[in-house]
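K.L.:
Dumping the structure here so I can ask a few things about it.
The values are calculated or read from the model by the stated rules, or taken from the named source; none is laboratory data. Everything numeric in this text was worked out from a predicted model, so none of it was measured. Cβ atoms come from the backbone with ideal geometry, glycine included; neighbour counts cover every protein chain shown. Heads up: the accessible areas ignore ligands, DNA and RNA and are worked out on the full protein's heavy atoms, side chains in. Shrake-Rupley method; radii C 1.70, N 1.55, O 1.52, S 1.80 Å.
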Amino acid sequence: MKKVLLIYTGGTIGMGQNPETGALEPLNLEHLVANLPEFAYLKTDIDTYQFTPPIDSSDMSLRRWSQLVHIITDRYNEYDGFVILHGTDTMSYTASALSFMLENLTKPVILTGSQLPIGQLRTDGKENLVTSIELASAYNEDGHPMVPEVCIYFSGKLLRGNRSTKGNSDGFNAFNSFNYPPLCDAGVEFQFHHHYILKPDYSKPMTPHFDMDPNVAVFSLFPGIPEHTVKHMIESPELKGLVMRSFGSGNAPQKPWLLRLLKKATMRGVTVVNISQCVAGSVRMGRYETSWQLKEAGIVSGYDSTVESAVAKLMFLNAEYRDSSTVRRLMDTNIAGEISR
């Protein structure tokens, strides 16, 4: 029998309704388990760990990411897989962060949650949780896990964590992976897509990282964006990384002040990453003159990265390396399956 650790951070899946305000509030893990008699039918040994108190995912933080890495690392040899119950709003950020912080991961770490609390009649939480546990305990004949990476499971799809983004605030199919196929389709049977799944080096240990650098910002270009808005952000002395959401395949207005500010930032060691505002497709630096000038200013292509992944990767690399040239080189490199080159 495989053994899975269920880590409850909070989120809609474990919420109940406050009788005075009517608002949903996080409850404890005992409430969650009590609403899931299906646990008795799982052919998996399950232990639980709970954040005290549970948090709304809007309050997820770098300190909490480090806490999750510690929880997994301290128990890594005791369990065959890990399932993290998490609110949907920041789930893709957490999945992206953990994909970098858990280097050479050799076991499944699956994040899931729900759009409706698990105690409600039409909840999607039961299927998401039960299937996530089954996926976390799925191993092949060689004794290796079927999906040894950080993933998000939601509504029948297992997605690579650092390729996912929340695309629907109301529907049960809350998450999408626009630039990378699902790792598994969960229908009557599991259909694993093996050629899309990461292959770790099982001869080497998993290497945890606990630090992230928060000095990162995100801004989107828009027609008529004023100079003073960009200037205040870029000239912040603490800034180390900037995710710029550009138009189309990586294009920006040909404004001399914009190029001047961006080049000034890169020259003082700020890593500026260019990703597209489009949900699908990739940045192609140099395809048009408007993106060629960005490349000349020292901007790094984010290729087909999500915002969540680009932010988490910048935080991770800036915490690991003091040299901005190393950070830029690694932002341009696929290190955890986060970009296609």
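K.L.:
Rounded to the nearest 0.05, what FRET efficiency do Met267 and Met1 give with R0 = 56 Å and r taken as the Cβ-Cβ distance? Could you check?
P.N.:
On the way: r = 58 Å, r/R0 = 1.03.
Efficiency at R0 = 56 Å is approximately 0.45.
K.L.:
Rounded, prolate or oblate: pick one for segment 1-147, where a ≥ b ≥ c are the square roots of the eigenvalues of its C-alpha gyration tensor, a/c under 1.5 means rounded, and failing that, prolate if a/b is larger than b/c, else oblate. Can you show the working numbers first?
P.N.:
Numbers: a/c = 2.08, a/b = 1.33, b/c = 1.56.
Since a/c reaches 1.5 but b/c is at least a/b, the shape of segment 1-147 is classed as oblate.
K.L.:
If you stretched the chain out fully between Leu121 and Lys255, how much longer would it get, using 0.36 nm times the residue separation minus the C-alpha to C-alpha distance? Don't jump to the answer; show the numbers that get you there.
P.N.:
Details: separation 134, 0.36 × 134 = 48.24 nm, distance 5.49 nm.
Computed gain between Leu121 and Lys255 is 42.7 nm.
K.L.:
Using amide H atoms built 1.01 Å from N in the peptide plane, name the residues 5+ places from Phe175, or on other chains, whose amide H lies under 5 Å from its own.
P.N.:
Placed amide hydrogens put Gly167 under 5 Å from Phe175.
K.L.:
Specify which residue in the list Gly143, Thr306, Met331 is farthest towards the positive end of the charge dipole of the chain, using unit charges on the beta carbon of Lys, Arg (+1) and Asp, Glu (-1), about the Cα centre.
P.N.:
Met331
K.L.:
Between Glu141 and Ser220, what FRET efficiency comes out of the Förster formula 1/(1 + (r/R0)^6) with R0 = 56 Å and r the beta carbon distance, rounded to 0.05? All intermediate terms of the calculation are to be shown ahead of the outcome.
P.N.:
Numbers: r = 48 Å, r/R0 = 0.86.
Efficiency for this residue pair is about 0.70.
K.L.:
Keeping all protein chains in position, work out how much accessible area Thr333 exposes to a 1.4 Å probe, and write it in Å² to the nearest 10.
P.N.:
That residue has around 50 Å² of solvent-accessible surface.
K.L.:
Charges on Cβ only, +1 for Lys and Arg, -1 for Asp and Glu, centred on the Cα centroid of segment 120-230; of Ser132, Ser177, Thr229, which one is farthest towards the dipole's positive end?
P.N.:
The one lying farthest along the dipole's positive direction is Thr229.
K.L.:
Can you tell me the accessible area per residue over segment 216-341, all protein chains present, probe 1.4 angstrom, in square angstrom?
P.N.:
Ligands and nucleic acids excluded, the result is 46 Å² per residue.
K.L.:
Report the charge-dipole magnitude of segment 68-142 in Debye, nearest 20, computed about the Cα centre from +1 at each Lys and Arg Cβ and -1 at each Asp and Glu Cβ. Write down the numbers at each step before the final one.
P.N.:
Working: 4 positive and 10 negative charges, 61 e Å.
The dipole of segment 68-142 has a size of about 300 debye.
K.L.:
Next question, about the same structure. Tally Lys and Arg at +1 and Asp and Glu at -1 over the other residues with C-beta under 12 Å from the C-beta of Leu68: what net charge comes out? If you can, show how the numbers build up before the last one.
P.N.:
Numbers: positive: Arg63, Arg64, Arg75; negative: Asp74.
Net charge in that neighbourhood comes out at +2.
K.L.:
Per-residue ellipticity at 222 nm for the chain, helices alone: DSSP H runs ≥ 4 residues times -39500 (n - 2.57), over residue total, nearest 500 deg cm²/dmol?
P.N.:
-8000 deg cm²/dmol
K.L.:
Rounded to the nearest 0.05, what FRET efficiency do Arg284 and Glu20 have when you use their Cβ-Cβ distance and R0 = 41 Å?
P.N.:
Numbers: r = 54 Å, r/R0 = 1.32.
The formula returns an efficiency of 0.15 here.
K.L.:
Just by accessible area at a 1.4 angstrom probe, what is the order of Cys278, Cys184 from largest to smallest?
P.N.:
Details: Cys278 70, Cys184 0 Å².
From most exposed to least exposed: Cys278, Cys184.
K.L.:
May I pose another question? Using only the heavy atoms of the protein chains and a 1.4 Å probe, how would His209, His228, His70 rank by accessible area, largest first? Present the calculation step by step, with values, prior to reporting the outcome.
P.N.:
Numbers: His209 25, His228 110, His70 75 Å².
Result, largest first: His228, His70, His209.
K.L.:
In segment 215-341, how does Rg compare with the Kirkwood Rh, expressed as the Rg/Rh ratio over alpha carbon atoms? Don't jump to the answer; show the numbers that get you there.
P.N.:
Numbers: Rg = 13.2 Å, Rh = 14.3 Å.
Looking at segment 215-341, the ratio lands at 0.92.
K.L.:
Okay, moving on. Carbon-plus-sulfur fraction of the accessible area of segment 247-341, 1.4 Å probe, in percent? Kindly include the intermediate steps, with their values, before the conclusion.
P.N.:
On the way: 2130 of 4290 Å².
So the carbon and sulfur contribution to the accessible surface is 50 percent.
K.L.:
With +1 assigned to the C-beta of every Lys and Arg and -1 to the C-beta of every Asp and Glu, and no other charges, what is the dipole magnitude of segment 269-339 about the Cα centre in debye, to the nearest 20?
P.N.:
With Lys and Arg at +1 and Asp and Glu at -1, about 100 debye.
K.L.:
Another one. How big is the accessible area of Lys3 in square angstrom, nearest 10, if you roll a 1.4 angstrom probe over the protein chains?
P.N.:
60 Å²
K.L.:
Where the centroid of each part is defined by its Cα atoms, how far is segment 41-85 from segment 184-254 in Å?
P.N.:
Centre-to-centre (Cα) distance: 23 Å.
K.L.:
Under a 1.4 angstrom probe, counting protein chains only, how are Ile46, Ile133 ranked by accessible area, largest first?
P.N.:
Values: Ile46 35, Ile133 0 Å².
Most to least solvent-accessible, the answer reads Ile46, Ile133.
K.L.:
Related question: Looking only at GluC sites (Glu not before Pro) in DSSP loops with at most 15 other Cβ atoms within 10 Å, what is the longest site-free stretch of the chain? Before the final figure, lay out the partial values.
P.N.:
Numbers: sites that count: Glu20, Glu78, Glu141, Glu189, Glu235, Glu238.
With a cap of 15 other Cβ atoms within 10 Å, the longest stretch comes to 239-341.
K.L.:
Could you give me the ³J(HN,Hα) list for segment 233-238, computed from phi with Karplus coefficients 6.51, -1.76, 1.60 and θ = phi - 60°, whole Hz, x at Gly and Pro?
P.N.:
In residue order, the calculated couplings are 6, 5, 8, 4, x, 7 Hz.
K.L.:
Charges at C-beta only: +1 for Lys and Arg, -1 for Asp and Glu. How large is the resulting dipole of the chain about its Cα centre, in Debye rounded to 20?
P.N.:
1460 debye
K.L.:
Round to the nearest 10 and report in Å² the accessible area of Leu129, as given by a 1.4 Å probe over the protein chains' heavy atoms.
P.N.:
Solvent-accessible area, nearest 10 Å²: 0 Å².
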